[in-house]
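Okay, so here's the structure we're looking at.
Values in this text are rule-based calculations from the coordinates and carry no lab data. Treat the numbers as computed from the prediction; the structure is a model and nothing was measured. All Cβ positions, even for glycine, are placed from backbone atoms using ideal geometry, and neighbour counts span all protein chains on display.
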Amino acid sequence: MRKPKELFRIRQYARKYDRETGKFIINISYETAAPEPTERVIGVAEGFGLGIDQWQKFVIYDNVELKINSQDIVYITGDSGSGKSVLLKALEKDIRQDMELSHINIADIKPEQNKPLIETVGKSLEEALELLSKVGLNDAFLFLRTYEQLSDGQKYRYKIAKMIESGAQFWIMDEFAATLDRDTAKIVAYNLQKIARQQGKAVIAATTHTDLFEDLAPSIHIHKRFGKEITVSYYPNNPAKECSLTKEMRIVEGTTEDWRKLAGFHYRSHKIAAPRKIFCLKRGEELCGVIVYCYPPPTCFGRRLVLPKMSMKELNEKLSIITRVVVHPKYRTIGLGVKLVRETLPLSGTRYVEMPAVMAKYNPFAEKAGMKKIVEQPPPKEASAIAEVLSKLGFNIHLLGSEKYVLNKLQTLNHKDVAKIKEAFIKHSHARFMKYFFCHMPFGRKEAYAKAVIEASLERLAHLIKVCGFLMQTKIYLFWNSDNP
């Protein structure tokens, strides 16, 4: 019995390296070949007047020349079945064999299913926060979710974080963003090209969708039609200036009701005290983001480095504090935090604006918007001492912000260990701890505070530990002066 012919034949090679352009010049030819003909197949060929040579060979690529370097953004489009995936595989093979450059295929990324995201990327907490923030998973709640608990769009962003972590020079993606809704796909495309260009990486993405051109801003666009027809276009390798969706958004004055609609996406308390002005970012009628300006508190770490001592009346007249900035998770990583801050600072109504922020350490959007970083506030010694006691009792310090986690952990302890925690809070008292029990008297009285801690239920103690977890976070103090915008 004769051995059947191969179903596919491919010829490809990197012909040369052009030093002037820094590009590899690749020639690709590809044709399909059928197995030995059966009686039915011959019948079809005869019935439709097909010659045996026509039937046995179908050319998809005929000596196509491509010029690609190690920092290009390559966008391959075309109808299903036109040969996009064939080209992608050919390029991947060539990158591996001839260019000898590292690459990663998004299809090969296998997420760890049962661990919180924060445990599955980066060599340290700081690196993990930075990687996840880069791709828009910069929500404290998302850090603690598992991969399976993410939406399709969030899963795609997570895989991009893993591609960054890999350090590979080429990022390869077939069916790029094909399963995502088109708004999310555009956001992912914009974010992908931005990160790749910042990192000096190359992207090769293939998809049937042609609506991502503006956001991906490719340096090479390959459009494949059926048969041998193909169009290859080259463009300057410049990043997209902004996501196409941003052009559809506008800043308008908002209300506390607008804040409440997005409050669930913010990692801190939903309560806001003494709001002065609230602004919204809207796309049509859709609420995309909110920023809250409030009257300033009497004191704030870092303030005395930029302002002289003032009465409360003068502070209220001259100073506002940004207490909340939240962007809907769908629209993160396309610069909306920057847009909200930059465009509303002049509308705040005060000469000065301050902003203490935790996430500013990993996502410096306020600095990009024109605010100046003044100082970093390390955790107070009282919170650090209590955290040390909790650590010795088996608490994960990084999870103290989860009241549910803390309460579950407290319920596993004996009375002696719970008493140790209460003793630590009494010995290392802090104004924020006292404020929890005596909100009308922020600095409280030590005797009354000690009694309240001793009598606290596990639920109240869990909340107190959450406050300690918040104090353990490093905060950045940012400042804006309208005289020096």
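Around ARG276, which amide H atoms from residues at least 5 apart in sequence, or from another chain, sit under 5 Å from its own amide H, with H modelled in the peptide plane?
TYR293, CYS294, TYR295
Please report, in debye to the nearest 20, how large the charge dipole of segment 339-421 is about its Cα centre when each Lys and Arg carries +1 at its beta carbon and each Asp and Glu carries -1 there.
Dipole magnitude for segment 339-421 comes out near 120 debye.
Under the Karplus relation 6.51 cos²θ - 1.76 cosθ + 1.60, θ = phi - 60°, what is the ordered set of whole-Hz ³J(HN,Hα) values for segment 104-111, x standing for Gly and Pro?
9, 9, 4, 5, 8, 7, 10, x
Taking θ = phi - 60°, what integer Hz values does the Karplus form 6.51 cos²θ - 1.76 cosθ + 1.60 yield along segment 78-92, in sequence order, with x for Gly and Pro?
Rounded to whole hertz, the list is x, 5, 4, x, 7, x, 5, 5, 4, 5, 4, 5, 5, 5, 4.
Please compute the length gained on full extension between TYR295 and GLU253, using 0.36 nm multiplied by the number of residues separating them and subtracting their Cα-Cα distance. Show your work: numbers first, answer last.
Values: separation 42, 0.36 × 42 = 15.12 nm, distance 1.69 nm.
Full extension from TYR295 to GLU253 adds 13.4 nm.
Sum up the charges of everything whose Cβ sits under 14 Å from the Cβ of LYS123, counting Lys and Arg as +1 and Asp and Glu as -1, but leave LYS123 out. Numbers along the way, then the final one.
Values: positive: LYS162; negative: GLU119, GLU126, GLU127, GLU130, GLU165.
Charge balance near LYS123 sits at -4.
If Lys and Arg each add +1 and Asp and Glu each add -1, what is the summed charge of the other residues whose beta carbon sits under 14 Å from the beta carbon of HIS209?
Net of charged neighbours comes to -4.
For GLU286, enumerate residues with amide H under 5 Å from its amide H, sequence gap 5+ or separate chain, H modeled in the peptide plane.
Sorted by chain and number, the residues that satisfy this come to none at all.
Compute the FRET efficiency between ASP108 and VAL232 as 1/(1 + (r/R0)^6), taking r as their Cβ-Cβ distance and R0 = 25 Å, and round to the nearest 0.05.
0.40
Show me the ranking of peptides 242-253, 469-480 by mean Cβ neighbours inside 10 Å, starting with the highest.
Final packing ranking: 469-480, 242-253.
Could you rank the peptides 368-381, 179-192, 135-148 by their average count of other C-beta atoms within 10 Å per residue, with the highest value first?
On the way: 368-381: 16.0, 179-192: 20.8, 135-148: 18.9.
The peptides rank, most packed first, as 179-192, 135-148, 368-381.
Going by amide H atoms built from the backbone, whose H comes under 5 Å of the H on HIS103, apart from near neighbours?
Excluding prolines and chain starts, which carry no amide H, the hits are GLN169, PHE170.
Report, in debye and to the nearest 20, how large the dipole of segment 221-359 comes out about its Cα centre when Lys and Arg carry +1 and Asp and Glu carry -1 on their Cβ.
Its charge dipole is roughly 260 debye.
So between GLU127 and LYS93, what do we pick up on full extension, going 0.36 nm a residue minus the alpha carbon distance?
Length difference between fully extended and current span is 9.1 nm.
Set the Förster radius R0 to 41 Å, insert the Cβ-Cβ distance between LYS115 and LYS446 as r into 1/(1 + (r/R0)^6), and round the FRET efficiency to 0.05. Don't jump to the answer; show the numbers that get you there.
Working: r = 42 Å, r/R0 = 1.03.
Taking R0 as 41 Å, the efficiency between LYS115 and LYS446 is 0.45.
Report the gain in length on full extension from GLU367 to LYS241: 0.36 nm times residue separation, minus Cα-Cα distance, nm rounded to one decimal.
On the way: separation 126, 0.36 × 126 = 45.36 nm, distance 1.82 nm.
Here the answer is 43.5 nm.
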